[in-house]
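Report on one structure; see the data block that follows.
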Amino acid sequence: MIISSTAYMQTRMLEMGLAALMVACGVTLLWPGDTFASPIYASLVRWLTEDQGGWFLSSVGILRSTALVINGRWRSSPIARIAGCLTGSGFWFTFAVSVASVDRGEGLGPPILLAMSGTLFVLEFFSALRCGTDAEALDSLRLRQARSKVSKSA
Amino acid sequence: MLELKDIAPLLGVLLPAIGAIFMYRAAERQRAREVDKAVQSAPLGVVAAITDKDAGVQMAAAIGELADAVRKAVAIMREERDDQARRHQIDRALDEMTAVRREFQELVHLLKQRS
């Protein structure tokens, strides 16, 4: 069972990892204490509070993992996956910009968090592209089905 | 003046969304090209034209029945062959029917793979 589950999830491992990271970030934000007090989150705080961010990230992460597990068995799952990727990329891009725009002391280079959040944004972007291809393959938007019905009735 | 941090969430969502739409359209165009190419050559053309899963299953069952009918006809002709003087014509007919049966089988195999 473990082997078959691993094989099933192999092609979606990147997205699964990103969803797990999303949940982990959500839980971290919900943890008691003020994470957003650090100046590195200054731009992020403009858009959402720590509690909102925590709940939002954990729920999207869990929904995204569920969509990944049932992917293929439910025709519209790539749409749910795209929504997850867009949420993730929105978060990581905003975070990267927030980290990049923080005031640094004289002679200090950019923090490693900038590289991490930038890379995570690129990975989310790549996953969204793959979801787009999967949505077409599964006909998630039902466009092919509609066209086939029209041609049958004509 | 508008700064990057003012539109960061919007950009972060919009860029991959545009990318996903682009990939969807690209995959659609590629599928259309493949279908066009497949339509040129039978039996793949028939398989490519079937986009509905149920239609594929029904088609596979119907062709399976046809293949069985051809198999029975071949068996009957083989029995007749021993009594006939015109063996050459019967041999040709048998060869053609066998080829048709193989095409049917190939079609069924492809349909089963797709559906």
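Listing for the model above:
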| read-out | value |
| --- | --- |
| Virtual spin-label span in nm between A:D51 and A:Q145, 7 Å along Cα→Cβ | 4.1 nm |
| Rg over Rh, two decimals, segment A:33-79 (C-alpha only, Kirkwood Rh) | 1.20 |
| Chain A: relative contact order in percent, alpha carbon pairs under 8 Å with at least 6 residues between | 25 percent |
| Contour excess over end-to-end distance, with Cα ends at B:R78 and B:K112 and 0.36 nm allotted per residue | 9.2 nm |
| Estimated inter-spin distance, B:A27 and B:T98, nm [label 7 Å along Cα→Cβ] | 4.4 nm |
| Chain A: C-alpha gyration tensor shape, a/c 1.5 cut-off, then a/b vs b/c | prolate |
| Label-reachable residues, segment A:14-43, where backbone N falls under 16 Å from a point 7 Å from A:L108's Cα toward its Cβ | A:37-43 |
| Rg in Å to one decimal, and Dmax rounded to a whole Å, for segment A:45-126 via C-alpha atoms | 15.5, 55 |
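No value in this document is a laboratory result; all are computed from the given coordinates. Values in this document were obtained by computation on a predicted structure and should not be read as measured data. Using ideal geometry, Cβ is built from the backbone for each residue, glycine included, and neighbour counts are taken over all protein chains shown.
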